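Data block below; observations after.
The values are calculated or read from the model by the stated rules, or taken from the named source; none is laboratory data. Please read these numbers as outputs of a predicted model, since none were measured by experiment. Counting neighbours? That spans all protein chains shown, and the Cβs are built from the backbone with ideal geometry, glycine included. Each accessible area value is taken on the protein alone, full model and side chains, heavy atoms only, with ligands, DNA and RNA left out. Shrake-Rupley method; radii C 1.70, N 1.55, O 1.52, S 1.80 Å.
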Amino acid sequence: MNLRLDKLQVFDSHCHPQFPQYNQDREEMLARAEDADISMVCVGTNLEMSQKAVELAEKHENIWASVGLHPNDFGELFEGDKISPQKTDAFLHLVNNKKVVAIGEIGLDYYRTPDKEHQKKQKEIFEFFINLAYQNQKPLIIHGRDSQTGSGGKAHGDIIEILNSAKNILYGGVAHSFTGSIDEAKKYLDLGFYLGFNGIITFTGQYDEVIKHTPLENILLETDAPYLTPEPYRGQRNEPAFVIEVAKKIAAIKNGYLKKITEQTTQNCKNLFHI
Ligand SMILES: [Zn+2]
């Protein structure tokens, strides 16, 4: 019997195939993913990248889109000290597209934004998008990154606090590229959220314990391509076809069969994103 491991159905829950890194060979790169039976959510990071995500999703059966503003791009929606309704209008319009399955990536990034005033603006934008998700009954794709020193604040702690205060209006979500503690993981799981893991787990053992503590029913695979390339491709540009390497590492950590890992995480994506 010829076992075709490369033909397992796999879902890359978070990637950016619309980014300029693929301008020279986007269709070839997407063909490699399609040949390997990989479906994906193309995640928006600002208005232009959300529009491009929707365009790609309309063109490809195995691609869905999300619409959002990365916390480091918070300035895009501000006019002076206020969120500009003219600027948010374009986002409201995009969410209506039927291939848009989530709002994100949104959240708090204290790593690149240690300034407290800017963090306040990130929170306002985050709350705006939580409301947008509620109005459209969509799950959230959360980006959280703590400051380097600790004195800049704990992004995950603040995110969890905001999510808890919005608990009654949430339609679920995922903490993407999860690199928090076991305690933070538990708090996301208590909210009914999923945790997304990517290539980071293939080159450090730092998250093995968190993964062991997280039920497979709450895990999503992702690449975050073009970034965070997994072993054995480190040093190259990342792409959705490499998501299988993340699945293999989770299978190793959880001592489980690869097929079970890919099947369950694909089902998790379908459940969360209503695909
Ligand atoms: Zn991303």
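Scanning the chain for helices, which whole DSSP H stretches are 30 Å or more long along the axis (Cα) and average -1.0 or more by Kyte-Doolittle?
For the chain, where a helix must reach 30 Å along its axis and average at least -1.0, there are no hits.
Please report the carbon-and-sulfur percent of the accessible area for the range 9-273; probe 1.4 Å, protein heavy atoms only, DNA, RNA and ligands left out.
The value for the range 9-273 is 46 percent carbon and sulfur by accessible area.
Roughly how far apart, in whole Å, are the Cα centres of the range 15-78 and the range 170-195?
Distance between centres, Cα-based: 23 Å.
Can you give me the long-range amide H partners of G173? Hydrogens built in the peptide plane at 1.01 Å from N, cutoff under 5 Å, separation of 5 or more residues or another chain.
L140, Y194
At 0.36 nm per residue, minus the direct Cα-Cα distance, what do Y233 and Y257 gain on full extension? Give it in nm, one decimal, please.
Full-extension gain reported as 6.4 nm.
Rounding to the nearest 20 debye, state how big the charge dipole of the chain is about its Cα centre with +1 on each Lys and Arg Cβ and -1 on each Asp and Glu Cβ.
540 debye
With the crude spin-label approximation of a point 7 Å out along Cα→Cβ, what separation in nm comes out for N62 versus E34?
0.8 nm
Using a probe radius of 1.4 Å on heavy atoms only, what accessible surface per residue do you get for the chain? Whole Å² is fine.
Here the per-residue accessible area is 46 Å².
Between A251, A31, A102, which gets the highest mean-square fluctuation from a Gaussian network model of the chain, Cα cutoff 10 Å?
A31
Mind listing the phi-derived Karplus ³J(HN,Hα) values for the range 40-46, rounded to whole Hz, using 6.51, -1.76 and 1.60 with θ = phi - 60°, and x for any glycine or proline?
Result, ordered by residue: 7, 9, 8, 9, x, 10, 7 Hz.
Reachable lysines from K87, Cα under 18 Å, same-chain residues fewer than 8 places away excluded?
K52, K121, K123
Got the relative contact order for the range 104-226 handy, in percent, Cα pairs under 8 Å and 6 or more residues apart?
22 percent
For D12, what residues show an amide H to amide H distance below 5 Å, using hydrogens built from the backbone and excluding near sequence neighbours?
S39, M40, V41
Looking at the range 103-187, which trypsin sites (Lys or Arg not before Pro) are DSSP coil and have at most 16 other C-beta atoms within 10 Å of their C-beta?
R112
Give me the percent of Cα-Cα pairs in the chain that sit more than 34 Å apart, rounded to a whole number. Before the final figure, lay out the partial values.
Numbers: 4961 of 37675 pairs.
Looking at the chain, the distances longer than 34 Å represent 13 percent of pairs.
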